[in-house]
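Student: Right, I'll just put the structure down here and ask away after.
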Amino acid sequence: MNQKKKRILKIAESAVMLGLATALSMVMLFHLPAGGSVTVFSMLPVLIIAYRYGFLWGIGVGAIYGLIQMILGVSALSYATNALAAVCIILFDYIVAFGVLGFGGLFRKFKSQVAGFSIGVVIACVLRFLCHFLTGVTVWADYSDGMWAVVSYSLVYNGSYMLPEMLITLVVGVAVVSVLDLRSDSIRPLRRSK
């Protein structure tokens with residue numbers, strides 16, 4: 001396949017996966033009152049793109065997905081009590097939080113596709129959790145009597161949806177990469193060695 005066709009395929013796959021991720025994000029298993037939800041593996045399409053096309057491309061696709069999520073969840077900005085809080089929400093609850101899903105592509109070179117993909121999912125989800133945790137500490141600081149209360153609240157609140165979201169994404173992702181070769185030019189069934 002020539003370079004132009006590869007680039008078109010890369011852009012087309014990314015667009016389709018962004019659409020799929022957005023649709024899956026609307027199927028929520030539960031939603032928390034101040035934002036955050038557990039979905040039916042909505043991060044997986046972005047993580048697959050990151051794994052297929054690498055870390056940098058994955059960060060770009062993840063950031064675009066974050067912008068889409070921000071548009072869909074624009075009411076989250078109502079929690080900002082000042083300009084810094086608004087900037088933190090925009091960056092760390094959306095653009096950076098979903099951009100870090102690109103880290104799912106860092107371990108593409110592992111011999112085992114399942115191991116490389118799984119490690120990438122865990123690292124990307126932990127980084128996304130840290131982004132939301134940071135927003136929780138900055139945005140909710142005005143609502144608390146002390147820093148430790150804010151830190152513990154943000155840890156528990158954001159962990160309550162990010163941990164299940166990570167586990168669901170990991171289980172479904174492992175099922176997918178166990179049968180499909182994501183490293184080939186076009187996604188195809190994984191060849192089993194005899």
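Student: Just for region 78-90: of the residues that are in a helix (DSSP H, G or I), more than 15 Å from Leu32 (Cα to Cα) and open to solvent by 60 Å² or more (accessible area, probe 1.4 Å), which one is modelled with the lowest pLDDT? Give the steps one after another, and end with the answer.
Tutor: Taking region 78-90 as the starting set, the residues that turn out to be in a helix (DSSP H, G or I) are 78-79, 83-90.
Filter again for more than 15 Å from Leu32 (Cα to Cα), leaving 78, 83-90.
Within this subset, residues satisfying the condition of being open to solvent by 60 Å² or more (accessible area, probe 1.4 Å) are 78, 83-84, 87.
On the way: Ser78: 81, Ala83: 86, Leu84: 84, Val87: 89.
Going through the qualifying residues, I end up with Ser78.
Student: Anything in region 10-23 that is surrounded by 14 or more Cβ atoms within 10 Å (Cβ to Cβ) and either free of Cβ contacts under 8 Å to residues at least 24 places away in the same chain or of a type in the set (A, V, I, L, M, F, W, C) (or both)? List them, or say none. Steps first, please.
Tutor: First pass over region 10-23, keeping only residues surrounded by 14 or more Cβ atoms within 10 Å (Cβ to Cβ): 10, 13-14, 17-18, 20-22.
Correct list: Met17, Leu18, Leu20, Ala21.
Student: Here's a follow-up. Tell me whether region 142-150 contains one or more residues that are in a helix (DSSP H, G or I), of a type in the set (D, E, K, R) and either open to solvent by 30 Å² or more (accessible area, probe 1.4 Å) or modelled with pLDDT of 95 or more (or both). Write out each step before concluding.
Tutor: First, pick out the residues of region 142-150 that are in a helix (DSSP H, G or I): 142-143, 147-150.
Right, trim to of a type in the set (D, E, K, R) and you get 142.
With the extra rule that they be either open to solvent by 30 Å² or more (accessible area, probe 1.4 Å) or modelled with pLDDT of 95 or more (or both), the set shrinks to 142.
The answer is yes; a qualifying residue exists.
Student: The conditions are (1) surrounded by 11 or more Cβ atoms within 10 Å (Cβ to Cβ); (2) among the hydrophobic types (A, V, I, L, M, F, W, C); (3) out of contact with any strand residue (DSSP E or B) (no Cβ under 6 Å at 6 or more places or on another chain), and Ile187 fails exactly one of them. Which is it?
Tutor: (3)
Student: May I pose another question? Based on this model, can you work out whether Ala50 counts as more than 17 Å from Ile68 (Cα to Cα) and part of a helix (DSSP H, G or I)? Let's see the steps before the verdict.
Tutor: Details: more than 17 Å from Ile68 (Cα to Cα): yes; part of a helix (DSSP H, G or I): yes.
Answer is yes for this residue.
Student: Any chance you could count how many residues in region 25-59 are without any contact (Cβ under 8 Å) to a residue 60 or more places away in the chain, open to solvent by 30 Å² or more (accessible area, probe 1.4 Å) and under 25 Å from Gly73 (Cα atoms)?
Tutor: Result for region 25-59: 7.
Student: Just to check your reading of the model, which residue among Phe98, Phe133 is buried (at least 22 other Cβ atoms within 10 Å of the Cβ), of a type in the set (Phe, Trp, Tyr) and part of a helix (DSSP H, G or I)? If you could, list the steps in order and put the result at the bottom.
Tutor: On the way: Phe133 fails: buried (at least 22 other Cβ atoms within 10 Å of the Cβ).
The conditions single out Phe98.
Student: Something else: Identify, from the list Val100, Val122, Val171, the residue that is closer than 20 Å to Met17 by Cα and without any contact (Cβ under 8 Å) to a residue 12 or more places away in the chain. Steps first, answer last, please.
Tutor: Numbers: Val100 fails: without any contact (Cβ under 8 Å) to a residue 12 or more places away in the chain; Val122 fails: without any contact (Cβ under 8 Å) to a residue 12 or more places away in the chain.
The conditions single out Val171.
Student: Further question: Given the condition charged (D, E, K, R), modelled with pLDDT under 95 and over 30 Å from Pro33 (Cα atoms), answer yes or no: does some residue in region 109-120 qualify?
Tutor: We begin by selecting, within region 109-120, every residue charged (D, E, K, R); these are 109, 111.
Among the residues that remain, those that are also modelled with pLDDT under 95 are: 109, 111.
If we keep only those that are over 30 Å from Pro33 (Cα atoms) as well, we get 109, 111.
Within region 109-120, one or more residues are charged (D, E, K, R), modelled with pLDDT under 95 and over 30 Å from Pro33 (Cα atoms).
The values are calculated or read from the model by the stated rules, or taken from the named source; none is laboratory data. Everything quoted here is computed from the prediction, not taken from an experiment. Counting neighbours? That spans all protein chains shown, and the Cβs are built from the backbone with ideal geometry, glycine included. With ligands, DNA and RNA removed, areas are computed over all heavy atoms of the protein, side chains included. Shrake-Rupley method; radii C 1.70, N 1.55, O 1.52, S 1.80 Å.
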